[in-house]
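Accompanying notes for the structure given below.
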Amino acid sequence: MTEKVHLLDLRLRTSAAGNQYLSGWLGKAAVVGFLDREAEGEIWNIYVSTPAPRSGASAESTPRRKQRAPRSRSTELPADGLDDRLDDI
């Protein structure tokens, strides 16, 4: 392996109870990691989940991309009479 690919960043955090954990994002998936207290050595158990929908947000309220009209293909031959269409190949 000669090339490294950056996948995600995880931050080491401390809960209100004093427990350390990892957290971050992998695309739209939330990532958390918990130290396995029963394992020998420092082993982190990593979990991913999709985030819960935000309160007050609905599918209707999210902006949608404008749909483009499909491009029409001209079936007429060019002025020079050559048929350069590739759809018959």
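Are there trypsin sites (Lys or Arg not before Pro) in the range 1-47 that DSSP marks as loop and that have at most 13 other Cβ atoms within 10 Å, and which are they?
K4, K28, R37
Please express the Cα-Cα pair-distance distribution P(r) of the range 10-49 as a list of whole percents, one per 5 Å bin, running from 0 to the bin with the greatest distance.
Spelled out per bin, shortest first, that is 6, 24, 26, 26, 13, 5, 1.
Enumerate the amide H contacts of W25 below 5 Å, restricted to partners 5 or more residues apart or on another chain; note that Pro and chain-start residues carry no placed amide H.
D9, V31
Each reported figure results from applying straightforward, stated rules to the coordinates on display, with no laboratory input. Computed from a prediction, not measured in an experiment: that's the story for all the values here. Ideal geometry is used to build each Cβ from the backbone, glycine not excepted, and the neighbour counts take in all protein chains shown.
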